[in-house]
Amino acid sequence: MFDTLSDRLAATFKNLRGKGRLSEADIDATAREIRIALLEADVALPVVRAFIKQVKERAVGSEVSQALNPAQQVIKIVNEELIGILGGETRRLRYAKNPPTVIMLAGLQGSGKTTLAGKLGRWLKQQGHTPLLVACDLQRPDAVNQLSVVAERAGVAVYAPEPGNGVGDPVKVAEDSVAHARDKQHDVIVVDTAGRLGIDEELMRQAADIRDAVSPDEILFVVDAMIGQDAVTTAEAFRDGVGFDGVVLSKLDGDARGGAALSVAQVTGKQIMFASNGEKLDDFDAFHPDRMASRILG
Ligand code: GDP
């Protein structure tokens, strides 16, 4: 996903090698190159600006270190700043004191929510939980079925409306699922919600109604890393329309530039908590800003 960005940054740092000391002109030239690399990778402009400002200030003000040469010093600063825009520390899921913990998934259609429900279900099970996946995407005819299929593959239970019983009312399904989870001793429920291809008011209202009905402990906004700059506008729309506590990046295995998705944490002030990098249930893990920064820096 970040190959081009990695290559450009590597080329930039290569130019610094062999220099005994960095002049202000060197730092300016390097900052310009990093700026181009980030913009080409689709990182949002305000994020790029803030990033470059920090890197420049720190590079100019940095003590000449005995242990690091100038190139290493700049790489260290860029690495630390990258970790910063990716959210700093890894944030873990918050579990409710009184189970079930309610995790609600929100995002556009096709962003990967249903797939994520399966991945998260399996991951939670591996952590010793007894998750229940809840089918509240009643817009897409096949969505309930798709969730049942991923639940079965993940080896976890699913709660879906029986035909003729509350069909069409995702808010009621969500509400009922909480009682069902208590009854059947599921300690975490993962609520899959409907998404449209574009942002639309009805979708936001429905997601907000589900939110109000079940008071989620975590609302996770799922964003397709391949959608480019729309990732940021979509995140802002969901932040304002539904609100969310954390971000999940999906399709990080794609060959798009991905920088926009990396801007989402910075723009919305919410951490990236998980990353998906494939269609299989195991293509998924908690998101670690430091590991991602190292991956980008190669
Ligand atoms: P939803 O509409 O938000 O529920 O999205 P889906 O879970 O149905 O995913 C839409 C498509 O993206 C499906 O074809 C998934 O197999 C695919 N998909 C989901 N996550 C990933 C991922 O991390 N990588 C890749 N390559 N495909 C994914």
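Give the residues of segment 154-210 that are touching a helix residue (DSSP H, G or I) at 6+ places or on another chain (Cβ under 7 Å), closer than 25 Å to Thr234 by Cβ and acidic (Asp, Glu), sorted by residue number.
Of everything in segment 154-210, those that are touching a helix residue (DSSP H, G or I) at 6+ places or on another chain (Cβ under 7 Å), closer than 25 Å to Thr234 by Cβ and acidic (Asp, Glu) turn out to be Asp192, Asp209.
Which residue is surrounded by the fewest Cβ atoms within 10 Å (Cβ to Cβ), if the candidates are limited to segment 80-135 and must be in a loop (DSSP other than H, G, I, E, B) and among the hydroxyl-bearing types (Ser, Thr, Tyr)?
If we take residues in segment 80-135 being in a loop (DSSP other than H, G, I, E, B) and among the hydroxyl-bearing types (Ser, Thr, Tyr), then Tyr95 is surrounded by the fewest Cβ atoms within 10 Å (Cβ to Cβ).
Please enumerate the residues belonging to segment 256-273 that are of a type outside the set (S, T, N, Q), surrounded by fewer than 22 Cβ atoms within 10 Å (Cβ to Cβ) and not in a loop (DSSP other than H, G, I, E, B).
Answer for segment 256-273, where residues must be of a type outside the set (S, T, N, Q), surrounded by fewer than 22 Cβ atoms within 10 Å (Cβ to Cβ) and not in a loop (DSSP other than H, G, I, E, B): Val267, Met273.
Of everything in segment 239-255 that's within 13 Å of the chain's Cα centre (by Cα) and under 14 Å from Phe221 (Cβ atoms), which residue is surrounded by the fewest Cβ atoms within 10 Å (Cβ to Cβ)?
Restricting to residues being within 13 Å of the chain's Cα centre (by Cα) and under 14 Å from Phe221 (Cβ atoms), the top hit is Asp245.
Report every pair of residues separated by at least 6 positions or lying on different chains whose Cβ atoms are under 9 Å apart, first residue within segment 168-192 and among the polar types (S, T, N, Q), second within 16 Å of the ligand (Cβ to nearest atom).
What qualifies is Ser177/Val134; Ser177/Ala135; Ser177/Cys136; Ser177/Val191.
What are the residues in segment 7-34 that are part of a helix (DSSP H, G or I) and open to solvent by 90 Å² or more (accessible area, probe 1.4 Å), if any?
Asp7, Lys14, Asn15, Glu24, Arg32 - these are the residues of segment 7-34 that are part of a helix (DSSP H, G or I) and open to solvent by 90 Å² or more (accessible area, probe 1.4 Å).
Applying the selection to segment 116-135, what residues are within 11 Å of the ligand (Cβ to nearest atom) and either of a type outside the set (D, E, K, R) or under 21 Å from Ala213 (Cα atoms) (or both)?
Answer for segment 116-135, where residues must be within 11 Å of the ligand (Cβ to nearest atom) and either of a type outside the set (D, E, K, R) or under 21 Å from Ala213 (Cα atoms) (or both): Leu116, Ala117, Gly118, Ala135.
Could you tell me how many of the residues in segment 262-281 are touching a residue at least 12 places away in the same chain (Cβ under 8 Å) and within 16 Å of the ligand (Cβ to nearest atom)?
Matching residues across segment 262-281 total 11.
The values are calculated or read from the model by the stated rules, or taken from the named source; none is laboratory data. For clarity, every value in this text was computed on a predicted model and none was experimentally measured. Every residue, glycine as well, gets a Cβ built from its backbone with ideal geometry; the counts of neighbours run over all protein chains shown. The protein model used for the area step is the full one, side chains on, heavy atoms only, and it has no ligands, DNA or RNA in it. Shrake-Rupley method; radii C 1.70, N 1.55, O 1.52, S 1.80 Å.
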